[in-house]
Amino acid sequence: MRTLVLPAFTALMILISGAAAHADQGPVDRVTLAEEVSFVPGAGLTRIVGTTLTLAAGESRHLRGRLQAKSDTENIVAMNATIRCLSGSTQVGVSSSASRNHEGSDTESYSVDGQLPLTADLLFTAPTAGSYQCGLYGVTASSSTTGYTLTAVPGSTWVEASRSDQPGAHWWQNPVCNSTGTSSTCSYIGPGQPASAFVFYEPGLPHDQWTVGAGTTAVQALANVTLTTCYRLTASCSPSQVPEAVRLPRGPGSKSVVRLRLEALQMNAAGSHTCENNATTLTTATILDDAHHYTANLSLPRIPVLSTCGRKFMLRVYVEYVSGSPVKIDGLQSTSLTNGMMLNL
């Protein structure tokens, strides 16, 4: 990933108020793309659709964006959907991204042929009172071609923001893992690596605990985990950590398969041991080498806060290798690629 510059605003938008809440503290507002917006290689981050939030210092909002894009080429090209907030022209806080290669205008591996959907979440907390321009951005790149265009699809592309404050909400993100996978805090699973890992809960890293709000009887948890396949000769994985000998060649239909589970651990009164493990079912994710990246969106929309346990929670995602080449668990680059949040309900 590179640090990218922001072009001018480009989009007509419509506002839908009172959209169904995603278990946030109150309703959400959705702004849906009304006209096509294109983004091209070399343009950096292109604003697709957005909204203005006027917040007091310390107020938080849960932002969710969905970018569905079509391509005018059959070539495979990189694509990111990024959520971020600006004050003037300056980004405030971290941005959050979902990443996957767009496999071309002729691909049939998406729910709508040729149209790749990506979803990203961000917990934004205003450092000072003011108005913030928050939006969904698209970026694309390719090492083999430049003469192509990706286009956001109206109606299927949108950004949401919780309408009211999310007091006490908490954000987790994976540590730095650069695009070449050589950072010391990168994690891998698969051949020559551990068979599984706990995201946000790795040995040797801080285990971040969150205290639920006073009087809170239920909470929400969600996480987005971006994974990258380490097929033979890809530059996205460290050759010293993942030797070529344990990687498989990329070919038609080649893939890696993993299983994932989101867990929200309610701790005992001392905060030293798990009192209750709230978890999703174990789900299988297939990452095609052509797609190269995969962002898993996981959620526990309503978790009861047990009075027999303590008031602290820990969040983690279990990721287990099944087959194929080794897999890199992405982290913080110029944007957060693996992150989670918990909200008081």
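The values are calculated or read from the model by the stated rules, or taken from the named source; none is laboratory data. All figures in this text were calculated on a predicted structure; none of them were measured in a lab. Virtual Cβ from ideal backbone geometry, glycine too; neighbours counted across all protein chains shown. Note: accessible area is taken over every heavy atom of the protein model, side chains too, but ligands, DNA and RNA are not part of it. Shrake-Rupley method; radii C 1.70, N 1.55, O 1.52, S 1.80 Å.
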Problem - Most to least packed among 58-65, 237-244 [average Cβ atoms within 10 Å] - result: 58-65, 237-244
Exercise for the section: Give me the lysines in straight-line cross-link reach of LYS328: C-alpha distance below 19 Å, same-chain residues under 8 apart excluded. Expected result: LYS255
Exercise for the section: Pairs of Cα atoms under 8 Å, at least six residues apart: use those to get the relative contact order of the chain, whole percent. Expected result: 23 percent
Fill in the blank from the handout: Once VAL92, VAL258 are ranked on solvent-accessible area with the largest value leading and a 1.4 Å probe, the list reads VAL92, VAL258
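Could you check how much of the accessible area of the range 298-340 is carbon and sulfur, as a whole percent, using a 1.4 Å probe?
Working: 750 of 1400 Å².
The value for the range 298-340 is 54 percent carbon and sulfur by accessible area.
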Practice task
Return the long-range amide H neighbours of GLU59 (sequence gap of 5 or more, or a different chain), with a cut-off of under 5 Å between placed amide H atoms.
Solution key: ALA126
Completion exercise
For the range 199-345 the mean separation of alpha carbon contacts under 8 Å (6+ apart) over residue count, i.e. relative contact order in percent, is 42 percent
Practice task
Sticking to Cα atoms, compute the Rg of the range 92-167 to one decimal and its Dmax as the biggest Cα-Cα distance, whole number, in Å.
Solution key: 16.0, 47
Exercise for the section: Sort out for me the Cα centre separation of the range 73-139 from the range 219-283, rounded to whole Å. Expected result: 21 Å
Problem - Loop GluC sites (Glu not before Pro), the range 64-113 (other Cβ atoms within 10 Å of the site Cβ: 10 or fewer; DSSP) - result: GLU108
Problem - Rounded to whole Hz, the Karplus (6.51, -1.76, 1.60) HN-Hα couplings of the range 301-318, x for glycine and proline - result: x, 8, 10, x, 8, 7, 6, 7, 10, x, 9, 9, 10, 10, 10, 8, 10, 7
Handout entry: Computed over the range 266-345: relative contact order in percent, which uses C-alpha pairs under 8 Å that are six or more apart
Key = 33 percent
Exercise for the section: Note down, for the range 108-256, the three equivalent ellipsoid semi-axes (square root of 5 times each alpha carbon gyration tensor eigenvalue), biggest first, whole angstrom. Expected result: 33, 26, 15
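Per residue, how many Å² of accessible area does the chain show with a 1.4 Å probe?
About 40 Å² of surface per residue is accessible.
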Handout entry: In sequence order, calculated HN-Hα J values of the range 88-96 (Karplus, 6.51, -1.76, 1.60; Hz; x Gly/Pro)
Key = x, 9, 9, 5, 10, x, 7, 9, 10
Problem - Calculated diffusion of the chain, Stokes-Einstein form, Kirkwood radius summed over Cα pairs, 25 °C and 0.890 mPa s, µm²/s - result: 119 µm²/s
